[in-house]
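Right, one structure below, let's go through it.
Each value in this text was obtained by applying a stated rule to the coordinates, not by laboratory testing. Small disclaimer: the values here were computed from a predicted structure and weren't measured. Because the Cβ atoms are built from the backbone with ideal geometry, glycine has one as well, and the counts that use them run over all protein chains shown.
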Amino acid sequence: AQTVTQSQPEMSVQEAETVTLSCTYDTSESDYYLFWYKQPPSRQMILVIRQEAYKQQNATENRFSVNFQKAAKSFSLKISDSQLGDAAMYFCALTGANSKLTFGKGITLSVRP
Amino acid sequence: KAGVTQTPRYLIKTRGQQVTLSCSPISGHRSVSWYQQTPGQGLQFLFEYFSETQRNKGNFPGRFSGRQFSNSRSEMNVSTLELGDSALYLCASTQNLLAGVYEQYFGPGTRLTVT
């Protein structure tokens, strides 16, 4: 069975600052992929970033980057230069041999102007 | 390309009724997955269809069923609705990037309220 844990239910960041969202996971599969999804108040789930477990290099997409620690089964998301539009619920997710996603409970990020 | 579309966006039903939700994936995507999102349980996988066949299934009762058509459009059906079925139902269109590498793109969801 796969599990994804996001222990922080809420976080807040000042506009233009950097924030890190934490995620830990567990899986028995050797090949797996990790994702961060963003769900703004409009409810459309958006893929933010993907990390292949076999890659040592951390994924980066513009202001979004991850810190993937495979041995610790940790997968955190760093948002740099936070913007008001970054306010949303963020979900960490894991998939293995099939395309079924296992999600964490999510974290609500608020951005203070 | 057009994104994932789901219809209807909002639905109110009464206990005991049945409901059908529809999802059209991104053009060229052959796999569709369904998820249920509730405040208490979070996001839970319902099932996945690929080429008109159910490929994966989550831990939901048999009241939840689905199907996929030859044009990849998918429908999800819930029979004998219960209050606990009130949720946001999300459909995801899956792109197979490489062997075993998938990315899922979500639709806006259907908000089902059971009274």
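Things to note:
- The stretch B:63-115 - percent relative contact order, Cα under 8 Å, separation 6 or more: 32
- Annotation for the stretch B:40-115 versus the stretch A:25-64: alpha-carbon center distance of 20 Å.
- Peptide A:88-99 has a mean of 3 when you count, residue by residue, the C-beta atoms of other protein chains within 10 Å of its C-beta.
- Exposed GluC sites (Glu not before Pro) absent - longest run of chain A, DSSP non-H/G/I/E/B, at most 13 other C-beta within 10 Å: A:30-113
- Relative contact order (%) - criterion: Cα under 8 Å, at least six apart; region: chain A: 38
- Chymotrypsin sites (Phe, Trp or Tyr not before Pro) within the stretch A:1-34: DSSP coil, no more than 16 neighbouring Cβ in 10 Å: none
- Counting, for every residue in B:31-43, the Cβ atoms of other protein chains within 10 Å of its Cβ and taking the mean gives 3.
- Lysine-lysine proximity count for the protein assembly as shown, Cα under 20 Å, sequence distance 8 or more or distinct chains: 11
- Relative contact order of chain B, defined on C-alpha pairs under 8 angstrom at six or more residues apart (%): 35
- Each of A:K70, A:K105 was scored by other Cβ atoms within 10 Å of its Cβ. Arranged with the fewest first, they read A:K70, A:K105.
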